[in-house]
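Each remark here refers to the structure printed beneath this line.
The values are calculated or read from the model by the stated rules, or taken from the named source; none is laboratory data. Not measured: the values here are computed from a predicted model. Every residue, glycine among them, receives a Cβ derived from its backbone with ideal geometry; neighbour counts consider all protein chains shown.
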Amino acid sequence: MTAPTGRTHGPPKFSIVTIVRNNAEGFEATRRSVLDQNSCDFEWIVVDGASTDKTLHLVETAFASGEAHGFSEPDRGIYDAMNKGLKAATGDYIVFLNAGDRLLESDSLQIVADAIDQAGQPDVAFFASKMTFGQKVIDRPAKSPNYIWHGQPGLHQATFFRREVHLQHPFSDRYRICGDYDVLARLRASGARMQSFPQVIGNNSFDADATSGRHKLRLIKEAVQIQRSELHLPLWKCTASVLFRSMNSFVFKLLTQINRRTT
């Protein structure tokens, strides 16, 4: 069981971790979003998977200027890279804002700091996001922590982990797609204190061609494995989750295809 954690003294410091490989445009969008934060204590950690395009130059420039620190080296996949960022972090809370993800406004981190401080600084804090499908933008409110029976209550770029708790439950190389869901399920089972907040603080550009979109069967299989092994859900509830997940996948793919036809 996760050891009880105490509050930090004063406003929390954040570690923003960005994973990137060969995505210069996405990296630059994330960079602008991070550097636009104007009133909160944070560090920016970049883990580049040995990019071979102009991304590498942008990352090296960020390191040289002192905007960020981190690594540019081969890794074994996204969750290996995220573990590197987790181990390098020094903040009280950590958020994974990967290349292409953005904080919505210049005061987004301050909004998070105020909200979690007033709530007694939970171990995991879920915030609302906006999901972008080309020209179409939809709201994605943070769901109750109880939603973990089916999936993640908040999108990854709007989920803040108390770093010392996350370190006890790093990402597993057992999963290629659902590693973030696995972490949340293990944290839930360990008794971590989780809370959801209504504030909208992040933006995610949904891409049906991303790994999770291209490997739906693997995603579903991994999710069920996590539900059975970590959450100990009965088979009927796992089946309901599969049906729900398949319906959501169809809607997201339809929105992406509509966008492609109108742009």
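Could you tell me how many of the residues in segment 22-48 are crowded, with 21+ Cβ neighbours inside 10 Å, out of contact with any helix residue (DSSP H, G or I) (no Cβ under 6 Å at 6 or more places or on another chain) and free of Cβ contacts under 8 Å to residues at least 60 places away in the same chain?
The qualifying residues number 1.
Can you name the residue in segment 110-141 that is part of a loop (DSSP other than H, G, I, E, B) and in contact with a helix residue (DSSP H, G or I) (Cβ under 7 Å, 6 or more places away or on another chain) and, of all such residues, is nearest to Ile94 (Cα to Cα)?
So, considering only residues that are part of a loop (DSSP other than H, G, I, E, B) and in contact with a helix residue (DSSP H, G or I) (Cβ under 7 Å, 6 or more places away or on another chain), the one nearest to Ile94 (Cα to Cα) is Asp123.
Would you check if Ser196 is of a type in the set (Gly, Ala, Ser) and either in a loop (DSSP other than H, G, I, E, B) or surrounded by fewer than 19 Cβ atoms within 10 Å (Cβ to Cβ) (or both)?
In short, no.
Give just the number: which of (1) under 25 Å from Arg245 (Cα atoms); (2) surrounded by 17 or more Cβ atoms within 10 Å (Cβ to Cβ); (3) of a type in the set (D, E, K, R) does Asp75 not satisfy?
Status for Asp75: all satisfied but (1).
List the pairs whose first member sits in segment 112-136 and is closer than 14 Å to Arg102 by Cα, whose second member is assigned to a helix (DSSP H, G or I) and at pLDDT 95 or above, and whose Cβ atoms are under 6 Å apart, counting only residues at least 6 apart or on separate chains?
The qualifying pairs are Phe127/Ala158; Ser129/Ala158.
The conditions are (1) surrounded by fewer than 19 Cβ atoms within 10 Å (Cβ to Cβ); (2) within 15 Å of the chain's Cα centre (by Cα); (3) of a type outside the set (D, E, K, R), and Gly85 fails exactly one of them. Which is it?
So Gly85 meets the others, but not (1).
Taking Asn203, is it at pLDDT 55 or above, in contact with a Leu (Cβ under 6 Å, 6 or more places away or on another chain) and under 30 Å from Gln135 (Cβ atoms)?
yes
Determine whether segment 88-106 contains at least one residue that is assigned to a helix (DSSP H, G or I) and either within 23 Å of Gln168 (Cβ to Cβ) or among the aromatic types (Phe, Trp, Tyr) (or both).
Yes, some residue in segment 88-106 is assigned to a helix (DSSP H, G or I) and either within 23 Å of Gln168 (Cβ to Cβ) or among the aromatic types (Phe, Trp, Tyr) (or both).
crowded, with 17+ Cβ neighbours inside 10 Å, closer than 26 Å to Gly179 by Cα, touching a Cys at 6+ places or on another chain (Cβ under 9 Å) and touching a residue at least 60 places away in the same chain (Cβ under 8 Å), is that true of Val95?
It is false that Val95 is crowded, with 17+ Cβ neighbours inside 10 Å, closer than 26 Å to Gly179 by Cα, touching a Cys at 6+ places or on another chain (Cβ under 9 Å) and touching a residue at least 60 places away in the same chain (Cβ under 8 Å).
For the subset of segment 142-162 comprising residues that are assigned to a loop (DSSP other than H, G, I, E, B) and within 16 Å of the chain's Cα centre (by Cα), which member is farthest from Val20 (Cα to Cα)?
Checked segment 142-162; the qualifying residue farthest from Val20 (Cα to Cα) is Lys143.
Can you tell me which residue among Ala62, Ala50, Ala81 is in a helix (DSSP H, G or I), more than 21 Å from Leu184 (Cβ to Cβ), of a type in the set (A, V, I, L, M, F, W, C) and modelled with pLDDT of 95 or more?
Details: Ala50 fails: in a helix (DSSP H, G or I); Ala81 fails: more than 21 Å from Leu184 (Cβ to Cβ).
After ruling out the rest, the residue left standing is Ala62.
Conditions: (1) in contact with an Asp or Glu (Cβ under 9 Å, 6 or more places away or on another chain); (2) surrounded by fewer than 21 Cβ atoms within 10 Å (Cβ to Cβ). Asp114 meets all but one. Number of the miss?
(1)
Against the condition of a type in the set (A, V, I, L, M, F, W, C) and farther than 23 Å from Ile177 by Cβ, how does Phe27 come out, does it pass?
Answer is no for this residue.
Every residue in segment 133-174 that is buried (at least 16 other Cβ atoms within 10 Å of the Cβ) and of a type in the set (Lys, Arg), please.
Arg140, Lys143, Arg162, Arg163, listed by residue number.
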